[in-house]
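Structure first, commentary second.
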Amino acid sequence: MTASTDQDAAVRIASGRKAFVEPLRLGERLKEIRLANQWTLEEVSQRTGLARSTLSKIENDQISPTFTAVQKLINGLAIDLPQLLSPPKPQTQTLGRRDLTRSGEGQHHPTPTYEHELLSCQLAQKRMIPFKTIVRARHFEEFSEWVRHDGEEFLMVLEGKILMYTEYYEPLPLESGDSIYFDSAMGHALVSVSEEDAVVLSVCTRGDTV
């Protein structure tokens, strides 16, 4: 802030006009900073030298802070003026969505090498696609081409053992309880190496196909 800006602000305050920070929802922004640092009003009062009642009134937009009060806030809270004058972050709306899938009641999509069961199919516009896969394949040669799709994927082995083939790495053995996070645009394929078909749980970013 330049000296001329400081003087202009002081003139507006002295003349009785509204403080220059009022349209910027400074009270809401001050409360956001205080709560983010887990400070009480008393702690902010001790840091800034402003009375707790004054801080409460500022946060609740009952008064507009004077230029001197603004200076005490930025000095006492060790923040820059732009940080204090930034608009408050919009509140994230909690939708409270949920989608229960009972055991075995997902959407089944069998392929020659896998049997996929898509989970949480009732929710639209999900950010993730969860699915359980029974790995039928026993040899890499059973795949006509690499499996690949956009995004990223998290995979955990629930039952049995698998060998994970990937385009740029040596085959990786994984057993029950092991997990891996990988770029699913990279070619990949799973082969069961246990007596029974292995079962894995996967979560892909939205928009992926399996």
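The values are calculated or read from the model by the stated rules, or taken from the named source; none is laboratory data. Keep in mind that this is a model prediction, so the values were computed, not measured. As a convention, Cβ positions derive from the backbone with ideal geometry for all residues, glycine included, and neighbour counts pool all protein chains shown. Calculation scope for accessible area: heavy atoms of the full protein, side chains included, ligands and nucleic acids excluded. Shrake-Rupley method; radii C 1.70, N 1.55, O 1.52, S 1.80 Å.
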> Using a probe of 1.4 angstrom, how much of the accessible area of region 34-89 is carbon and sulfur, in percent?
Replying inline: 45 percent
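With every protein chain left in place, what is the accessible area per residue of region 103-210 in square angstrom, probe 1.4 Å?
On a per-residue basis, region 103-210 sits at 60 Å².
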>> Can you give me the C-alpha center-to-center distance between region 63-79 and region 90-162, rounded to a whole angstrom?
In response: 52 Å
> What is the extension gain from residue 178 to residue 98, computed as 0.36 nm multiplied by their sequence separation minus the C-alpha to C-alpha distance, in nm to one decimal?
Replying inline: 26.1 nm
> What FRET efficiency comes out for the pair residue 111/residue 39, r = Cβ-Cβ distance, R0 = 45 Å, nearest 0.05?
Replying inline: 0.20
>> For region 60-123, which GluC sites (Glu not before Pro) pass both filters: DSSP loop (anything but H, G, I, E, B) and at most 12 other C-beta atoms within 10 Å?
In response: 105
>> Keeping all protein chains in the complex and leaving out DNA, RNA and ligands, what accessible area do you get for residue 161 with a 1.4 Å probe, in Å² to the nearest 10?
In response: 100 Å²
>> Not counting ligands, DNA or RNA, and with a 1.4 Å probe, what is residue 139's accessible surface area in Å² rounded to the nearest 10?
In response: 110 Å²
> How about region 108-210: which chymotrypsin sites (Phe, Trp or Tyr not before Pro) there are in a DSSP loop, with at most 12 other Cβ atoms within 10 Å of their Cβ?
Replying inline: 146, 168
> Where Lys and Arg each count +1 and Asp and Glu each count -1, what net charge lies around residue 112 among other residues with Cβ under 15 Å from its Cβ?
Replying inline: -3
> Mind checking which lysines have their C-alpha under 16 Å from residue 31, skipping anything on the same chain fewer than 8 residues away?
Replying inline: 57, 72, 89
>> Once neighbouring chains are kept in place and the probe is 1.4 Å, which whole percent of the accessible area of region 100-194 is contributed by carbon and sulfur?
In response: 52 percent
> Taking a probe of 1.4 angstrom, what is the accessible area of residue 109 in Å², to the nearest 10?
Replying inline: 90 Å²
